[in-house]
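Okay, so here's the structure we're looking at.
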Amino acid sequence: MDPEEVARQVLEGMAFEPLELGLAPRPLEQASTSIGLVGAPVWMWVTNAGPTTWGPVEESVTVGGVTVTVTAAVEGVSWDMGDGGRVMCETPGEAYRQGLGVRPSPSCGHVYARTSADQPGTAYAVTATANWTATWDASTGASGTLEAPQPASTAHVRIGERQVIETG
């Protein structure tokens, strides 16, 4: 009995669900007329942080008198913002609320420097990837790490610009 192979089988049986993305401005999938502005903060957060989307998850199995325990958790979320920018957030982030106004996110945010007008559908594709890590320990004293799934979710945000014209 190879405890690492048992650990791989335990990991394969664990449920890792995709993240549900919270964005301000709201994703087009939630509000088709939503639009953010160049230079204004974009907030990002995970709306469904829980055991199967964030962890930690721990499962044990005993085979031939040896107990193998696998523990998996998200170390952070990699956000590909669609404009070449990447943001790494170590927490699920903080949800934006209307009364907060135009201010940077305290935990996970981005600022676009140009509009999304030249993008497919005139929107940036924002992809968030959960960076799961998995470790295992056996009652024999053996332990190690495993390559865990990296589920990703994508949403689309439209970014425009506001121009002020002075007369007089």
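Quick check: the angle from helix 3-13's long axis to the longest principal axis of the chain, C-alpha only, nearest 10 degrees?
40
Roughly speaking, to the nearest percent, how much of the range 1-109's 1.4 Å accessible area is carbon and sulfur? Let's see the in-between values first.
Values: 2810 of 5720 Å².
About 49 percent, which is the carbon plus sulfur part of the accessible surface.
Work out how much length Ala152 to Glu29 would gain on full extension: take 0.36 nm times their residue separation and subtract the Cα-Cα distance, in nm to one decimal.
Extending this stretch completely gives an extra 42.7 nm.
Between Thr127 and Val63, what length comes free when the chain is fully extended (0.36 nm per residue of separation minus the Cα-Cα distance, one decimal in nm)?
Details: separation 64, 0.36 × 64 = 23.04 nm, distance 3.92 nm.
Separation in residues times 0.36 nm, less the Cα-Cα distance, equals 19.1 nm.
Could you pull out which residues in the range 100-115 have an amide N less than 16 Å from a spot 7 Å beyond the Cα of Glu161, following the Cα-Cβ vector?
Under 16 Å, as judged by backbone N against the label point of Glu161, lie 111-115 of the range 100-115.
What is the distance in Å between the Cα centroid of the range 138-168 and that of the range 48-92?
14
Please work out the average accessible area per residue across the chain, using the 1.4 Å probe convention, and give it in Å².
Numbers: 9190 Å² over 168 residues.
The answer is 55 Å² per residue.
List, largest first, the extents of the alpha carbons of the range 71-168 along their principal axes, each in whole Å.
82, 31, 17
Pick out which of Ala128, Ala142, Ala152 has the largest mean-square fluctuation in a Gaussian network model of the chain, springs linking Cα atoms closer than 10 Å.
Ala142
Show me, bin by bin at 10 Å from 0, the whole-percent P(r) of the range 41-80 based on Cα pairs.
24, 36, 22, 13, 5, 1
Could you work out the local net charge near Leu23, counting Lys and Arg as +1, Asp and Glu as -1, over the other residues with Cβ closer than 15 Å to its Cβ? Working shown, then result.
Working: positive: Arg26, Arg97, Arg158; negative: Glu20, Glu29, Asp80, Asp83, Glu94.
With Lys, Arg at +1 and Asp, Glu at -1, the net is -2.
Relative contact order for the chain using alpha-carbon pairs under 8 Å, separation at least 6, rounded to a whole percent?
Details: 371 pairs, mean separation 51.2, N = 168.
So the answer I get is 30 percent.
So which residue, out of Leu100, Leu21, Leu11, gets the largest mean-square fluctuation from a GNM of the chain using Cα contacts under 10 Å as springs?
Sorting by GNM fluctuation, first place goes to Leu100.
I need the semi-axes of the equivalent ellipsoid of the chain: take the C-alpha gyration tensor, multiply each eigenvalue by 5, square-root it, list largest first in whole angstrom. Working shown, then result.
Details: eigenvalues 360, 37, 28 Å².
Those come to 42, 14, 12 Å.
How large is the accessible surface of Met88 in square angstrom, using a 1.4 angstrom probe and rounding to the nearest 10?
Answer for Met88: close to 110 Å² accessible.
Of all the Cα-Cα pairs you can form in the range 13-98, what percent are over 22 Å apart?
Working: 1514 of 3655 pairs.
For the range 13-98, the share of Cα pairs beyond 22 Å comes to 41 percent.
The values are calculated or read from the model by the stated rules, or taken from the named source; none is laboratory data. Being a predicted model, the structure only gives us computed values, none of them experimental. Don't worry about glycine lacking a Cβ; one is built from the backbone with ideal geometry, like all the others, and counts go over all protein chains shown. Just the protein is used for accessible areas: all its heavy atoms, side chains included, with ligands, DNA and RNA removed. Shrake-Rupley method; radii C 1.70, N 1.55, O 1.52, S 1.80 Å.
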